[in-house]
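Have a look at the structure below before the remarks.
The values are calculated or read from the model by the stated rules, or taken from the named source; none is laboratory data. Just so we're clear, the structure is a prediction, and the values are computed from it rather than from any experiment. Here the Cβ positions follow ideal geometry from the backbone for every residue, glycine too, while neighbour counts run over all protein chains shown.
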Amino acid sequence: MRNLHLVNNGWSVILPVLALPFAAFLMKQFSQTVPNELLEAGKIDGCSELALFARLFVPVVKPGIGALAIFVFSFTWNDYLWQLIMLSDETKMTINVGISTLVSEFSANYGAQMAAATMGFIPIFVVFIAFQRYFVKGITVGSVKG
C-alpha cells in the first residue's frame with residue numbers, strides 16, 4: 001500500500017469497498033428481476049446497448065442501487081480497523097478513528113466522546129433518509145417467487 005501511495009490517503013478507505021462481494025451478489029440478484037421482455041422491446045424500438053442500460057435497466061434496478069448505497073456507505077463508515085491501519089495522520093482520520101484518540105491511558109473525556117459519536121451518526125442517518133424509499137423494496141427482492 002505504501003508503494004501505491006495509499007497510506008494516509010482517502011482512496012485507501014474507498015478502494016476496498018469497490019470490490020465487496022456483497023455488492024456484486026445483491027446487484028446480480030436484483031438484475032435478474034428485470035424482465036427480458038422489457039429489454040427485447042427496447043431493442044425492437046431501436047435502443048442501443050447504452051440506451052437500454054440507461055433508459056430501461058437502471059430505472060428498474062434503482063431500488064437495488066439505493067439499498068446497496070445504504071449498506072456500502074454504512075459498512076465503510078463503520079469499518080474502524082481498516083481506517084485505523086491506513087490513516088495515521090490525525091488530520092485525515094475519520095470521526096470513528098478520531099474518537100479513539102480522545103481516550104488516554106489515565107483519563108477518558110466521555111462528554112467529547114459522546115458528542116463525537118453523535119456527530120458520527122449524522123452522515124449515516126442522512127444517507128438512510130435519502131435512500132429509505134428504495135431500502136425495503138431493495139431488500140425484499142427475490143424473496144417472493146410466484
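Just checking, does the stretch 47-62 include any residue being in contact with a Leu (Cβ under 9 Å, 6 or more places away or on another chain) and not aliphatic (A, V, I, L, M)?
yes
Give the residue that is nearest to the chain's Cα centre (by Cα), with candidates limited to residues of the stretch 56-65 that are in contact (Cβ under 8 Å) with a residue 24 or more places away in the chain and either farther than 30 Å from TRP11 by Cβ or part of a loop (DSSP other than H, G, I, E, B) (or both).
Filtering the stretch 56-65 for residues that are in contact (Cβ under 8 Å) with a residue 24 or more places away in the chain and either farther than 30 Å from TRP11 by Cβ or part of a loop (DSSP other than H, G, I, E, B) (or both), the one nearest to the chain's Cα centre (by Cα) comes out as VAL61.
Failed condition for PHE106, given (1) in a loop (DSSP other than H, G, I, E, B); (2) modelled with pLDDT under 85; (3) over 26 Å from VAL7 (Cβ atoms), with all others met?
That leaves (2) as the condition not met.
ALA51 is checked against (1) surrounded by 15 or more Cβ atoms within 10 Å (Cβ to Cβ); (2) more than 27 Å from PHE121 (Cβ to Cβ) and fails just one. What number does that condition carry?
Every condition holds for ALA51 apart from (1).
Give me the pairs, please: first residue somewhere in the stretch 1-24 and outside the structural domain of THR94 (by TED's automatic domain parsing) and within 13 Å of TRP82 (Cβ to Cβ), second residue anywhere and of a type in the set (Val, Ile, Thr) and surrounded by 11 or more Cβ atoms within 10 Å (Cβ to Cβ), beta-carbon distance under 7 Å, and either six or more positions apart or on two chains.
MET1/VAL7; VAL13/THR76; VAL17/VAL72; VAL17/THR76; LEU20/VAL72
Looking at the structure I just gave you, is LEU38 farther than 29 Å from HIS5 by Cα and either crowded, with 17+ Cβ neighbours inside 10 Å or touching a Gly at 6+ places or on another chain (Cβ under 8 Å) (or both)?
Answer is no for this residue.
What number of residues in the stretch 72-122 are of a type in the set (A, V, I, L, M), under 22 Å from TRP11 (Cα atoms) and surrounded by 11 or more Cβ atoms within 10 Å (Cβ to Cβ)?
Matching residues across the stretch 72-122 total 9.
If I filter the stretch 123-131 for residues that are surrounded by fewer than 12 Cβ atoms within 10 Å (Cβ to Cβ), free of Cβ contacts under 8 Å to residues at least 60 places away in the same chain and not hydrophobic (A, V, I, L, M, F, W, C), do I get at least one hit?
Checked the stretch 123-131: no residue is surrounded by fewer than 12 Cβ atoms within 10 Å (Cβ to Cβ), free of Cβ contacts under 8 Å to residues at least 60 places away in the same chain and not hydrophobic (A, V, I, L, M, F, W, C).
Need pairs with beta-carbon distance below 6 Å; first residue polar (S, T, N, Q) and within the stretch 99-119, second in a helix (DSSP H, G or I); sequence gap 6+ or separate chains.
GLN113/ILE99
So which of GLY64, GLY98, GLY120 is within 27 Å of GLN29 (Cα to Cα) and small (Gly, Ala, Ser)?
The match here is GLY64.
Evaluate the stretch 66-76: report whether one residue or more is under 20 Å from the mean Cα position of the chain (by Cα), part of a loop (DSSP other than H, G, I, E, B), of a type outside the set (Ser, Thr, Tyr) and assigned by TED's automatic domain parsing to the domain that holds ILE124.
No, the stretch 66-76 contains no residue that is under 20 Å from the mean Cα position of the chain (by Cα), part of a loop (DSSP other than H, G, I, E, B), of a type outside the set (Ser, Thr, Tyr) and assigned by TED's automatic domain parsing to the domain that holds ILE124.
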